[in-house]
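Trainee: Dropping the structure in here first, questions after.
The values are calculated or read from the model by the stated rules, or taken from the named source; none is laboratory data. Since the structure is predicted, the reported quantities are computational estimates derived from the model, not experimental observations. All Cβ positions, even for glycine, are placed from backbone atoms using ideal geometry, and neighbour counts span all protein chains on display. What goes into the accessible areas is simple: the full protein's heavy atoms, side chains included, and nothing from ligands, DNA or RNA. Shrake-Rupley method; radii C 1.70, N 1.55, O 1.52, S 1.80 Å.
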Amino acid sequence: MQGATQGAGRNRIVRFLVRRSAQAGLTLLAIAVLNFVIVHLAPGDAIDVLAGEFGGADAQYLDKLRRSYGLDQPIYVQLFQYLFNVVQLNLGFSFRNNMPVFDLIMTRLPATLLLMVASMLLSFTAGLLLGVFSARRVNTFADDAVSVLALLCYATPLFWFGLMAIVLFTVKLNLLPGNGMYTIGSNLGWFAATLDVARHLVLPACSLALFHMAVYTRLMRASMLEVYGLDYIRTARAKGLSQRRIAFRHVLPNAILPMVTMLGLQVGSLLGGAVLVETVFGWPGLGRLAFDAILQRDHNLLIGILLLGSALVVIANLITDLLYAWLDPRIEVA
Amino acid sequence: MSSILEVRGLTTQFSGPKGYVTVVENVSFAMKPGATLAIVGESGSGKSVTAMSLLRVLPEPPARIAAGKVLLSGKDLLQLGEQAMRRVRGRDISMIFQEPMTSLNPVMTIGGQIVEAIREHRELSADEARAEAVALLDRVRIPDAGHRIDDYPHRLSGGMRQRVMIAMALAGRPKILIADEPTTALDVTVQAQILALLARLQSEFGMGILLITHNLGVVAQIAQRVLVMYAGRIVEEAPVRDLFQDPLHPYTEGLLGATPRMYQDAEAGARHRLIDIAGIVPQPDQLPPGCAFAPRCPKAFARCREERPALLPTRDGRQSACFLTQNTAASA
């Protein structure tokens, strides 16, 4: 009996994943088309930028270059060629970096993922704890202090905070490295190397996390206060439970649901924030690659990164939905 | 027999934009062990606030208990600290609520919620507590309790959820069960089942029930004594039979007139017509200077609008807050 229901549950989840993956595939294809069109609406191409960097070149040479890269084809031909390639996971060639876009992205992806995951965990956990702390002391000085802090974090520009953090922790206090992902030229064992990366991670991850921590704090506080007013919390109090148990066993598990929704939405904007943070901290990730790709009109690379970003968001939303079903028994995946 | 619960001069206020507003004023009553006392009144009469004040589960602020004593076996609950009060809640006094659909935590199994109540008040291991939870679900007549215990609330009907609430309320073996409109949100047939269940559990556990309701039909079924509340005050107290046969306060008369009856009017031959009470309960911050019921009362006279009648004993251990009954009592 128990095994049968578990088996049925697994089947349901497999069906859910298959269907959602198909939807995700179509979504990504549509996004690929949009990205392609939008990027090509901007004037100029890689050859123009190259010509500018050479300090000018004759038109014939540029045409020849365009022909050799297929940039002389009409837009729709380029689009279909591109989609045909994308379906085969071939994201094209970055002429600037002289490397297939897919390979280029894969060399940069781990750094960005590390930064994103670290700052998501940080912002989610800190926001959750601050929100719970605040809600349990609503309308006290501590609650107000947390609200002001959250507002400050919310309003502080990311790049400014990053620069100030470098000034304070790297330049003045010399506590943490403020540039790059590892100490260049060092030859460390795996443990020391991990520690080295972790030290480099602190400032960029905190900078990136700050804004979202503020969002989570405010959301969690509001959500907790809403749940505190519900009937089943009165039931819990009438049972004689302690304030702590009510907060953590009854209010928190219900209040966390909107946070999970926000987590799925955060992935997209986190990627945007990563561009800034990676630029400020010299973090060798996708964000900086994207930034350079824009400046260099490296269209293939840019839409490759955009497509990957979209894929991350789609996957994050899929995970969010599964997480939701796990947290709230009323939601059954279907 | 001495009282197990005695309430004296309970006054509860809520803070509003213009200072504190008194929602329950000077409420006094006593409950005997194992007896059922009903508090009846329209919505907004303060009966639920009275009940929640006893357990001190109102959110403070905005609520505050401004005066009074709640004596449980002689111990004043209003003087207890939060820790001591927690040991009263669910152990000495339990409470069930009007909305079974929203009174259970949706992300916890019903077993988890009952076990939690059991272990809060009794030294049992997790396995023992679970066995006890199954036994409690059995006692509130939930079929297949051994399997149902792992269900989440959304899988249960309203009646079943109210049974779960009752099982949870019994977990600490309370001396008193406060039932705040326990059947209002349920179908009529389910109402009858829940009332029968409460009556049976009362005799099995020997607990007193404080029943809060606006439904006089429910009162007639299980209560022995009745308090009638209006605009935050008690206006009449009487044994249930006396109240139905011979209401003293015009408000009680009005309530009875608005209650469908099947048998009482047989001798009258005519069909019983329901008569509503004109007007609505006044807001607590807009009470008239005299009797709060005077603006709606068909028998009101000049004195009613100027002076507030006190709740005074009339006859046969009854009380009423009406000049009319007090005059007849004096002249008789």
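Trainee: Please identify the longest segment of chain A free of exposed trypsin sites (Lys or Arg not before Pro), where exposed means a DSSP state other than H, G, I, E or B and no more than 15 other Cβ atoms within 10 Å.
Mentor: A:138-329
Trainee: Continuing with this model, one more query. Could you tell me the relative contact order of chain A? Use alpha-carbon pairs under 8 Å, at least six residues apart, and round to a whole percent.
Mentor: Worked out over chain A, it gives 26 percent.
Trainee: Next question. For peptide B:55-61, compute the average count of partner chain beta-carbon atoms within 10 Å of each residue's beta-carbon.
Mentor: That average works out to 3.
Trainee: Next question, about the same structure. Of A:Ala247, A:Ala142, A:Val33, which is farthest towards the positive pole of chain A's charge dipole, taken about the Cα centre with +1 and -1 on the beta-carbons of Lys, Arg and Asp, Glu respectively?
Mentor: A:Ala247
Trainee: Could you state the accessible area per residue of region A:257-334 in Å², with a 1.4 Å probe and every protein chain left in place?
Mentor: Using a 1.4 Å probe on heavy atoms only, each residue of region A:257-334 averages 39 Å².
Trainee: Taking only Cα atoms, what is the 0 to 90° angle, nearest 10, from helix A:286-295's long axis to the longest principal axis of chain A?
Mentor: For helix A:286-295, the angle is close to 40 degrees.
Trainee: Need one number: nm distance between label points at B:Gln79 and A:Ala155, each 7 Å from Cα along Cα→Cβ, rounded to one decimal.
Mentor: Those two pseudo-labels are separated by 5.1 nm.
Trainee: Shifting gears a bit: Let me have the relative contact order for chain B, percent, based on Cα pairs under 8 Å that are six or more residues apart.
Mentor: On the way: 607 pairs, mean separation 64.6, N = 332.
Answer for chain B is 19 percent.
Trainee: Same structure again: Counting only helical runs of four or more DSSP H residues, what would the 222 nm mean residue ellipticity of the protein assembly as shown come to if each run contributes -39,500 (n - 2.57) and the total is spread over all its residues?
Mentor: Values: 25 runs with 359 residues, N = 666.
After summing the helix terms and dividing by the residues of the protein assembly as shown, the value is -17500 deg cm²/dmol.
Trainee: In Å², what does the accessible area per residue of chain B work out to with a 1.4 Å probe?
Mentor: On the way: 14790 Å² over 332 residues.
For chain B, the solvent-accessible area averages 45 Å² per residue.
Trainee: Determine the per residue accessible area of region A:100-146 with all protein chains present and a 1.4 angstrom probe, expressed in square angstrom.
Mentor: So region A:100-146 comes to 47 Å² accessible per residue, rounded to a whole number.
Trainee: Would you jot down the residues in region B:82-98 that end up with at least 30 Å² less accessible area in the complete protein assembly than in the chain alone, with a 1.4 Å probe?
Mentor: In region B:82-98, residues shielded by partner chains: B:Arg86, B:Arg89, B:Phe97.
Trainee: May I ask you to give the percent of accessible area on region A:218-281 that is carbon plus sulfur, with a probe radius of 1.4 Å?
Mentor: In region A:218-281, the share of accessible area belonging to carbon and sulfur is 61 percent.
Trainee: Also, quick follow-up: Taking amide hydrogens as modeled 1.01 Å from N in the peptide plane, which residues meet the under 5 Å criterion relative to B:Ile178, leaving out close sequence neighbours?
Mentor: Here the answer is B:Ser94, B:Met95, B:Ile96, B:Leu210, since their amide H atoms fall under 5 Å of that of B:Ile178.
Trainee: Lys pairs in chain B, Cα-Cα under 18 Å, at least 8 apart or on separate chains: how many?
Mentor: Going through chain B pair by pair, I get 5.
Trainee: Shifting gears a bit: Based on alpha-carbon atoms only, what is the radius of gyration of the protein assembly as shown relative to the globular estimate 2.2 N^0.38 Å?
Mentor: Taking the Cα Rg and dividing by 2.2 N^0.38 Å, one obtains 1.35.
Trainee: With label points built 7 Å along Cα→Cβ from the Cα atoms of A:Arg19 and A:Trp326, find their separation and express it in nm.
Mentor: Roughly 2.1 nm, to one decimal.
Trainee: Could you give the longest part of chain B that holds none of the GluC sites (Glu not before Pro) found in DSSP loops with at most 16 neighbouring Cβ atoms within 10 Å?
Mentor: Working: sites that count: B:Glu123, B:Glu307.
Result, exposed sites excluded: B:124-306.
Trainee: If you don't mind, there's one more thing I want to ask. Tell me the Kirkwood hydrodynamic radius of region A:180-322 in angstroms, computed as one over the mean inverse distance between distinct C-alpha pairs.
Mentor: Values: mean 1/r = 0.0545 Å⁻¹.
With all distinct Cα pairs of region A:180-322 included, I get 18.4 Å.
Trainee: I want to check the label-to-label distance for A:Ile315 and A:Val171. Put each point 7 Å from Cα in the C-beta direction and report it in nm to one decimal.
Mentor: That separation, rounded to one decimal, is 3.8 nm.
Trainee: With the contact rule set at Cα under 8 Å and sequence spacing of 6 or more, what percent relative contact order holds for region B:6-162? If you can, show how the numbers build up before the last one.
Mentor: Values: 179 pairs, mean separation 31.0, N = 157.
RCO, region B:6-162: 20 percent.
Trainee: Debye calculation, C-alpha points only, no solvent: report log10 I(q)/I(0) for chain B at q = 0.06, 0.12, 0.14 Å⁻¹, in the same order as the q values.
Mentor: Computed log10 I(q)/I(0) values: -0.23, -0.88, -1.16.
Trainee: Which of A:Leu65, A:Ala126, B:Pro250 sits farthest toward the positive end of the charge dipole of the protein assembly as shown, with +1 on the Cβ of Lys and Arg and -1 on the Cβ of Asp and Glu?
Mentor: Highest projection toward the positive end goes to B:Pro250.
Trainee: To continue, here is another question. Provide, for q = 0.07, 0.12 Å⁻¹, the log10 of I(q)/I(0) from a solvent-free Debye sum over equal Cα point scatterers in chain A.
Mentor: Taken in order of the listed q values, log10 I(q)/I(0) reads -0.41, -1.03.
Trainee: Using only the Cα atoms of region B:1-115, construct the convex hull and provide its projected area averaged over every direction, in square nanometres to one decimal.
Mentor: Over all viewing directions, region B:1-115 projects a mean Cα-hull area of 9.0 nm².
Trainee: Sticking with this structure for a sec: At most 13 other Cβ atoms within 10 Å and a DSSP loop assignment: could you name the chymotrypsin sites (Phe, Trp or Tyr not before Pro) in region B:204-265 that fit?
Mentor: In loop regions of region B:204-265 (DSSP not H, G, I, E or B), the sparsely surrounded chymotrypsin sites (Phe, Trp or Tyr not before Pro) are B:Tyr263.
Trainee: With a 1.4 Å probe, how much accessible area is buried between chains A and B, both sides summed, in Å² to the nearest hundred?
Mentor: Roughly 2200 Å².
Trainee: A follow-up question, please. Sorting check: for A:109-115, A:139-145, A:227-233, B:169-175, which peptide has the highest mean count of neighbouring beta carbons within 10 Å, and how do the rest follow?
Mentor: B:169-175, A:109-115, A:227-233, A:139-145
Trainee: Calculate one ³J(HN,Hα) per residue across region B:251-259 by plugging θ = phi - 60° into the Karplus curve 6.51 cos²θ - 1.76 cosθ + 1.60, and present them in order as whole Hz with x for glycine and proline.
Mentor: 5, 4, 4, x, 4, 5, x, 8, 9
Trainee: Residue-wise, which Karplus ³J(HN,Hα) couplings in Hz belong to region B:74-84, taking 6.51 cos²θ - 1.76 cosθ + 1.60, θ = phi - 60°, and x for glycine or proline?
Mentor: Taking θ as phi minus 60°, the curve returns x, 9, 7, 5, 6, 8, 6, x, 4, 4, 5 Hz for region B:74-84.
Trainee: Counting only other chains, and only Cβ atoms inside 10 Å, what mean value do you get across the residues of B:118-127?
Mentor: 1
Trainee: Hey, another quick one. Would you list the P(r) distribution for region B:89-146, with all Cα-Cα distances sorted into 10 Å bins from 0 and each bin expressed as a whole %?
Mentor: 21, 52, 26, 0
Trainee: Now, a different point. Taking each residue of B:103-110 in turn, how many C-beta atoms of other protein chains fall within 10 Å of its C-beta, and what is the average?
Mentor: Partner Cβ neighbours, averaged per residue: 6.
Trainee: A further question on this structure: Under 10 Å, Cα contacts only: if you run a Gaussian network model on chain B, which one of B:Asp92, B:Asp276, B:Asp242 comes out with the highest mean-square fluctuation?
Mentor: Result for chain B, Cα springs under 10 Å: B:Asp276 fluctuates most.
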